[in-house]
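Let me begin by presenting the structure, written as structure tokens, before commenting on it.
The values are calculated or read from the model by the stated rules, or taken from the named source; none is laboratory data. In this text the structure is predicted, and so the values were computed from the model without any measurement. Every residue, glycine among them, receives a Cβ derived from its backbone with ideal geometry; neighbour counts consider all protein chains shown.
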Amino acid sequence: MHFKLIIAFVEDNKADLVLETARKNGAKGATVINSARGEGLKKSKTFFGLTLETQRDVLLFLVEEHLSRHILETIAKAAQFDNKPGSGIAFQLDVEDAIGVTRQVEELTHELEDKI
């Protein structure tokens, strides 16, 4: 079984929405890194050295490759990545190998067999 790693940088108030959307569309879990900071095209606004922008969460999803594009598109739509500047970004990377995902592989095998 081959996997993709979806990495999503989202506003912290949208993290739960993205997690729920990904799970509904085939993701079996995620790793969440809280309080990340990022900059886009425009430099962050500050007030006496404090950043005024909202914090970001980094969400990591290890997903089966046949589900990855659909998950990527649905989380982007749910979080409005293309509609609202600064709401977040997501991308996927190929995963050469993964260890510790035996239970997920068993579950995915049954799900994919049912779809095929």
Among the residues of the stretch 33-44, is there at least one that is touching a strand residue (DSSP E or B) at 6+ places or on another chain (Cβ under 6 Å), modelled with pLDDT under 95, hydrophobic (A, V, I, L, M, F, W, C) and assigned to a strand (DSSP E or B)? yes
Would you confirm, using the coordinates I've provided, whether Leu93 is more than 19 Å from Leu59 (Cβ to Cβ) and not small (Gly, Ala, Ser)? no
Let me confirm something: among Asp82, Asp57, Asp97, which residue is over 25 Å from Leu17 (Cα atoms) and of a type in the set (D, E, K, R)? Asp97
Can you report the number of residues in the stretch 56-85 which are outside any helix (DSSP H, G or I) and either over 29 Å from Arg37 (Cα atoms) or without any contact (Cβ under 8 Å) to a residue 60 or more places away in the chain (or both)? 13
Selected residue [of a type in the set (Val, Ile, Thr) and at pLDDT below 90] from Ile75, Ile71, Ile99: Ile99
Yes or no: the stretch 48-57 includes at least one residue that is at pLDDT 90 or above and either loosely packed, with under 13 Cβ neighbours inside 10 Å or touching a strand residue (DSSP E or B) at 6+ places or on another chain (Cβ under 6 Å) (or both). yes
